[in-house]
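The values are calculated or read from the model by the stated rules, or taken from the named source; none is laboratory data. Model, not experiment: these values are computed from the prediction. All Cβ positions, even for glycine, are placed from backbone atoms using ideal geometry, and neighbour counts span all protein chains on display.
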Amino acid sequence: MTGEIHPPTKLWTGNFILASVANLFISMVFYLLITSMALYAVERFRASDSTAGLASSMFIIGSVAARLFAGKLMDSLGRKRLLVFALAFFVLGSVLYIPTGSLGLLLLLRFVHGMAFGAGNTALSTAIQALIPPSRRSEGTGYFGLSTTLSTAAGPYLAVLFASSGNFTAVFLFCTASSAIALAIAVFLKLPEAAPRTAGGHPAKRSRSRFSLGSLIDHTALPISLVILVTGVAYSGIVSFLAPFMVQESMAEAASWFFLVYAFTVLVSRLFAGRIQDKYGDNAVMYPLLMVFALGMAALALEPSSLSIMGAGAFAGLGFGALMPCAQAIAISVVPPARMGVATSTYFLMLDVGIGLGPVVLGLFIPYLGYTGMFAGLSGLTVLAIGVYYLAHGRLNRRPGPSTATA
């Protein structure tokens, strides 16, 4: 495939729409499995809470491992080839959950399946930027991100629906079908390849740069990314342990409503959070969003009822759902344009680490604190994130200006 010569001039092309649909199905598998896996490990293999948390986390640990090498693989294989190969393994991994008969094999499969997700997601997220006109970069990225937002509702909702009846085979078959659809779309996608060229227009030889920490993490974007790491740990408690908590309380339907309300408030928050950030500055949105997210976690620590669970979904969706793009905008705005890719990588790496390691650590405390105690502790952790934000960025009190990036 030829390299990029002219940037695109239209946003809503067939390839952009297909790539967004593929991302919807890929992300839906991720959220469906991470929501149901802890409960599956407990019911199928009688795993402890900490081991169940590890079963949930191994997918993201594999994803992080793959992201470390995905850039190099894209250089050698190309974006589309890496995407197709990764999604082929993604389909296979979804099928193999059904015959897996031991906890050890389940953990191994979760890691390998996560690697396929990490490689494919990185390839697709990188390629989508080449499909967006430079003048509409923020707008196009926002629209593409809506496919992930929709999956945060559809995936967990279906997970609770299937898992509450003990029908985990249906979970894995649905994941297989979704993965296969994403693979079929990827085969027909036309993705521009970033082939470097010399001044004369001839293809340049790829540099064999050594692996370095600076190629993965931008030290300027790292402080704000630590905020998303801390809040990611709190969010991991929701996606990994809300379902088993609600099943234990015989309120499985309430968990479904939580994720529907969560997704709705995320969509609503996208209408105004970015505009407030652009007009009044970062602190005008970050401090309120962190407090609202802390209230959502606190609501889960109350005696569970349908009202408290749906209220928690609204607070969490408004808080964490709007927090992610606002924090990402900060991470991008504090670096020069040449480092935007590394800043984005830093942000998502910290998010993955928080969501990935959170369930393992939280699972150790559940036998002593119970689910409500765990959520109370996560509410306190989110309050602590306010202090982390102040030290990382808030004390600078950045005002809106021409350099401000939008999510």
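If only residues of the stretch 97-122 that are hydroxyl-bearing (Ser, Thr, Tyr), in a loop (DSSP other than H, G, I, E, B) and in contact (Cβ under 8 Å) with a residue 12 or more places away in the chain are counted, the one that is surrounded by the most Cβ atoms within 10 Å (Cβ to Cβ) is 97.
May I ask you to list the residues in the stretch 158-172 that are touching a residue at least 24 places away in the same chain (Cβ under 8 Å) and not in a loop (DSSP other than H, G, I, E, B)?
Within the stretch 158-172, 158, 159, 160, 161, 162, 163, 168, 169, 171, 172 qualify.
Within the stretch 44-67, the set of residues being among the hydroxyl-bearing types (Ser, Thr, Tyr) and not in a helix (DSSP H, G or I) comprises just one member, 48.
When 125, 135, 94 are checked against the criterion of being closer than 22 Å to residue 192 by Cβ, assigned to a helix (DSSP H, G or I) and at pLDDT 80 or above, a single residue qualifies: 125.
When we screen 273, 234, 243 for residues that are small (Gly, Ala, Ser), at pLDDT 90 or above and crowded, with 23+ Cβ neighbours inside 10 Å, the only hit is 234.
Looking at the structure I just gave you, is residue 45 within 30 Å of residue 190 (Cβ to Cβ), assigned by TED's automatic domain parsing to the domain that holds residue 91 and either crowded, with 21+ Cβ neighbours inside 10 Å or not small (Gly, Ala, Ser) (or both)?
no
In contact (Cβ under 8 Å) with a residue 60 or more places away in the chain, farther than 14 Å from residue 238 by Cα and surrounded by fewer than 19 Cβ atoms within 10 Å (Cβ to Cβ) - does that describe any residue in the stretch 285-301? Yes, there is a match, as at least one residue in the stretch 285-301 is in contact (Cβ under 8 Å) with a residue 60 or more places away in the chain, farther than 14 Å from residue 238 by Cα and surrounded by fewer than 19 Cβ atoms within 10 Å (Cβ to Cβ). Count of the stretch 29-42 residues, restricted to those that are crowded, with 24+ Cβ neighbours inside 10 Å and either within 12 Å of residue 181 (Cα to Cα) or not hydrophobic (A, V, I, L, M, F, W, C) (or both), is 4. Would you point out the residue of the stretch 259-269, among those that are crowded, with 19+ Cβ neighbours inside 10 Å and touching a residue at least 60 places away in the same chain (Cβ under 8 Å), that is nearest to residue 331 (Cα to Cα)? The residue in question is 266.
Residue by residue, here is whether (1) farther than 27 Å from residue 129 by Cα; (2) modelled with pLDDT of 90 or more; (3) among the hydrophobic types (A, V, I, L, M, F, W, C) holds:
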{"position": "22", "(1), (2), (3)": "no, yes, yes"}
{"position": "25", "(1), (2), (3)": "no, yes, yes"}
{"position": "65", "(1), (2), (3)": "no, no, yes"}
{"position": "71", "(1), (2), (3)": "no, no, no"}
